[in-house]
Amino acid sequence: MPAKPQTASELVPADRHGLALEGFFRIMARWGVGNGDARRILGNPAERTFFQWKSGKAARLPDDTLRRIGYVAGIWKALQIVYSDAALADGWVLRPNRSFAGQTPLARMTAGDVTDLAAVRAYVDAARAPWS
């Protein structure tokens, strides 16, 4: 019988959830993403919850939130591999892209569904493939 896949919270110990959020907010700052867009990327947590997370007061995060943070971290890492210049890598999310119907990758990521984050992640992973 195949093993049951682990959930995000099983893969990331609860004492590391705060570090995951810290990394997420650092990436958002590098990309110049405002609070409203950052909340949408995280799955629209309550405003109070979002600002508690942003201030470093994180308890156990929902699996969906950890999954979203994982996509963002993967996107950021792949961009750092593809671009030799960190400023170009960080600016990529703000440049219109034909693969996303002319919208920016950030607009796609903030559409609200985790599949939007997955689509951007798949795109940058495909671009990164020659360097992997």
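The values are calculated or read from the model by the stated rules, or taken from the named source; none is laboratory data. The structure presented is a predicted model; accordingly, all values stated were derived computationally and were not measured. No Cβ is skipped: glycine too gets one built from the backbone with ideal geometry, and neighbour counts run over all protein chains shown. Areas reflect the complete protein model, heavy atoms only, side chains present, ligands, DNA and RNA absent. Shrake-Rupley method; radii C 1.70, N 1.55, O 1.52, S 1.80 Å.
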Inset, instruction - Give me the distance in nm between label points sitting 7 Å out from Cα along the Cα-to-Cβ direction at R60 and L94, one decimal. - result: 3.9
Legend entry - Between helix 17-31 and the chain: long-axis angle, C-alpha atoms, 0 to 90°, nearest 10: 30
Inset, instruction - Return one whole number: the accessible area per residue of the chain in Å², for a 1.4 Å probe. - result: 57
Legend entry - Translational diffusion of region 16-128, µm² s⁻¹ [Kirkwood Rh, Cα pairs; Stokes-Einstein; 25 °C; 0.890 mPa s]: 174
